[in-house]
Amino acid sequence: MQSGKGIYALVLGSGVSRSSAIPTGWEVTVDLIRKLAAIRGEDCPAEPEAWYKTLTGSEPDYSDILDQLTKSSAERALLLRSYFEPSADDREHGRKTPSPAHRAIATLVMKGYVKVVLTTNFDRLLEQALGEVGVQPAVISTTDAVQGAFPLVHSPCTIIKVHGDYLDARIKNTRHELASYDEALDNLLDRVFDEYGLLICGWSAEWDTALRAAVERCTTHRFGTYWTAHQSNLTGEAEKLIGLRRATRVPIQSADAFFGELADKICALEDLTLTDPLSPRVAVARMKRYITDPQQRINLHDLVSAETERVHTAVTSDRFSAKDQNITPDIALRRLRAYEAEMRVLLSMMACAGYWAAESQYPTLCRAVKRIADDLQDQSGLVVWLGLRRYPALLAMYALGIAAVANGNYALQKHLFALKARTAKHQPEEPILEPFSPLCVLGRDYARQLLPGRERDFTPLNNHVFDALRDPLREYLPDDRSYDDAFDWFEYLLGCVHCDLTATPEQIASIKNDPTNGYIWGPVGRFLWSNRTSDEGVQQRTRFEPNGPYPAIVTAVLQAGFFGSSPDHLGYERFLLIKRGFDAAIGRARSQMGIW
């Protein structure tokens, strides 16, 4: 179903509405016989059908019984509503309202996996569930509706009610009525059974002679048929049809459990399915065209904003609820992959922009990061899921920042590191550097437990991000070593800038007076455990003594205005003090973790 949207039609019987306390058509007929006996002042025996045959000399006829109980179509409608529409007491106890099965089916319809539903039920619970998710189905319940119906292939959803709708007195209930259909309905059923695979649930096939005949007439088997049954409790008629359709039996506990699990599994497969691989290429091609042409500034803004809003809507949906009580490594990894799939196009755009953007375009790019970073959702839920809500913004910040580092675009880096965001709805904005660092998004102990294969990593989420961003940044850093260097430099610079923003005068004085006795904490990265030689690591590449010579990358950073620098004064001394404090903190972390 997940790989072929719309291929399978559902065939639903009364079992799907059973948990909603909706009676079957035959149960309605039997109850109407009891009502008829009551108004005649007679006792109805345990077999109402036999009593009716004795009284009339014929099989129970739904229409005849209604005619004896009511005098107009309006009265018939009122009588039938009591069987299918909830009273106040029903609503209070959740009866005669859409069941979990109806809502799961509605989700499958909304996502495009189901377009045709064939049902023997009279109720409108599926229509209600579809309305809740914004789907307006085409409903075929009469011969006239069959003849005037829109082609199935062109309708988002078509519900075929083969026995009618409870508000229409022409519904089919009795054995005689169920023995045959009008030619128009038969033709429609022939098309459905020929052109679609079938997923059958809640249908016994015992009473519905005409529907059985329609299944039997179809000799083609283009797609599979799956017949669900509670503990394989199938009638002889059902077994016969299973053989004819070469159907697969699917044992289930209930319709609610089955459709809920089906929808969950399809959503899980969606989580693992990446966006159309051409989409990032198209987006990047447009980004390059707009970035290089100042006349395209509006188009650049609209392109970035549209994709940012799409991502924001996706990553703040119930699909990523923080209230999910299930936490396993597979579930956690699946959620990370789902975030990455939603971010795929935007990350490619951020990487392109980080490498090529001009100063006038920085605000558009940084607003996109802030939009993803601002968390205005309810803060209740599990700590792990609440922390991972920051993961999309982390990815955006890293993609933009690493690409900027790759091209020496430190002016953009300064705009990015100056961003502030709300990590909670009622909290003031704060700099994004610490709360959106990997360690704060998913703590090291949690990450080791929940990320498969990262159990022994010193920086597990940083390592995961390193792998996740490799492809979006490959065009700008094709060599693996250059990517490694840029990643380390970005994380090291982020840590240093955080230290610069948070260091107290006392810490600065302590480091200045006794460099061996003080430290300043900042977010650490993969450079923490790097196995490179001492001459190649990022700490060594940025090392210098007062009065120079100064590393070129440090000079470039200061020229962008970091560490209190201005065009007239580059803050080498300030950077050196901050670097010493941060390097001391890195050394303490390595010692505590036993790295070396």
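Of note:
Residues checked against (1) among the hydroxyl-bearing types (Ser, Thr, Tyr); (2) surrounded by fewer than 23 Cβ atoms within 10 Å (Cβ to Cβ); (3) over 24 Å from TYR355 (Cα atoms); (4) more than 32 Å from the chain's Cα centre (by Cα):
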{"site": "TYR446", "(1), (2), (3), (4)": "yes, yes, yes, no"}
{"site": "PHE466", "(1), (2), (3), (4)": "no, yes, no, no"}
{"site": "ASP479", "(1), (2), (3), (4)": "no, yes, no, yes"}
{"site": "LEU494", "(1), (2), (3), (4)": "no, no, no, no"}
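- Selected residue [without any contact (Cβ under 8 Å) to a residue 24 or more places away in the chain, of a type in the set (Lys, Arg) and not in a loop (DSSP other than H, G, I, E, B)] from ARG448, ARG456: ARG448
- Pairs where the first residue, in the stretch 9-22, is modelled with pLDDT under 85 and the second is in a helix (DSSP H, G or I) and polar (S, T, N, Q), C-beta under 9 Å, 6+ apart: ILE22/SER14
- Subset of the stretch 298-321 [of a type outside the set (S, T, N, Q), surrounded by 13 or more Cβ atoms within 10 Å (Cβ to Cβ) and within 13 Å of the chain's Cα centre (by Cα)]: ARG310, VAL311, HIS312, ALA314, VAL315, ARG319, PHE320
- Of the residues making up the stretch 100-143, those that are within 22 Å of GLU27 (Cβ to Cβ) and of a type in the set (S, T, N, Q) are THR119, THR120, ASN121, GLN128, SER141.
- The condition (being farther than 29 Å from LEU461 by Cβ, surrounded by 10 or more Cβ atoms within 10 Å (Cβ to Cβ) and not assigned by TED's automatic domain parsing to the domain that holds PRO431) is satisfied by just one residue among GLY518, GLY537, GLY522, GLY564: GLY564.
- Looking only at the stretch 542-584, residues that are of a type in the set (A, V, I, L, M, F, W, C), part of a loop (DSSP other than H, G, I, E, B) and touching a residue at least 60 places away in the same chain (Cβ under 8 Å) come to 3 in all.
- Some residue of the stretch 220-230 being of a type outside the set (Phe, Trp, Tyr), part of a helix (DSSP H, G or I) and surrounded by 13 or more Cβ atoms within 10 Å (Cβ to Cβ): no
Every residue, every condition in (1) in contact with a Lys or Arg (Cβ under 8 Å, 6 or more places away or on another chain); (2) in a helix (DSSP H, G or I), yes or no:
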residue: LEU178; (1), (2): yes, yes
residue: ASP190; (1), (2): yes, yes
residue: LEU198; (1), (2): yes, no
residue: TRP203; (1), (2): no, no
residue: LEU211; (1), (2): no, yes
residue: GLU237; (1), (2): yes, yes
residue: LEU244; (1), (2): no, yes
residue: PHE259; (1), (2): no, yes
residue: ASP264; (1), (2): no, yes
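- The helices (runs of 4 or more DSSP H) located wholly in the stretch 1-110 that include 2 or more residues which are of a type in the set (Phe, Trp, Tyr) occupy 48-56, 73-84.
- Neighbours by Cβ (under 6 Å, 6+ apart or cross-chain): first from the stretch 480-501, over 13 Å from ALA399 (Cα atoms); second of a type in the set (D, E, K, R) and not in a helix (DSSP H, G or I): HIS498/GLU434
- When we screen VAL192, VAL250, VAL215 for residues that are among the hydrophobic types (A, V, I, L, M, F, W, C), modelled with pLDDT of 85 or more and surrounded by fewer than 17 Cβ atoms within 10 Å (Cβ to Cβ), the only hit is VAL250.
- Enumeration of residues in the stretch 20-61 that are within 30 Å of ASP256 (Cα to Cα) and crowded, with 17+ Cβ neighbours inside 10 Å: SER20, ILE22, PRO23, THR24, GLY25, TRP26, VAL28, THR29, VAL30, LEU32
- Screening the candidates LEU395, LEU388 for the property of being in the same structural domain as HIS312 (by TED's automatic domain parsing) and crowded, with 24+ Cβ neighbours inside 10 Å yields one hit, LEU395.
- Test set (1) surrounded by fewer than 16 Cβ atoms within 10 Å (Cβ to Cβ); (2) at pLDDT 90 or above; (3) among the polar types (S, T, N, Q) - SER348 fails condition number: (1)
- The requirement of being of a type in the set (Phe, Trp, Tyr), in contact (Cβ under 8 Å) with a residue 24 or more places away in the chain and within 21 Å of TYR83 (Cα to Cα) is fulfilled somewhere in the stretch 200-216, by at least one residue.
- Residue list for the stretch 111-144, filter: within 21 Å of LEU185 (Cα to Cα), free of Cβ contacts under 8 Å to residues at least 40 places away in the same chain and not in a helix (DSSP H, G or I): PRO137, ALA138, VAL139, SER141, THR142
The values are calculated or read from the model by the stated rules, or taken from the named source; none is laboratory data. For clarity, every value in this text was computed on a predicted model and none was experimentally measured. FYI the Cβ positions are ideal-geometry reconstructions off the backbone, even for glycines, and counts take in every protein chain you see.
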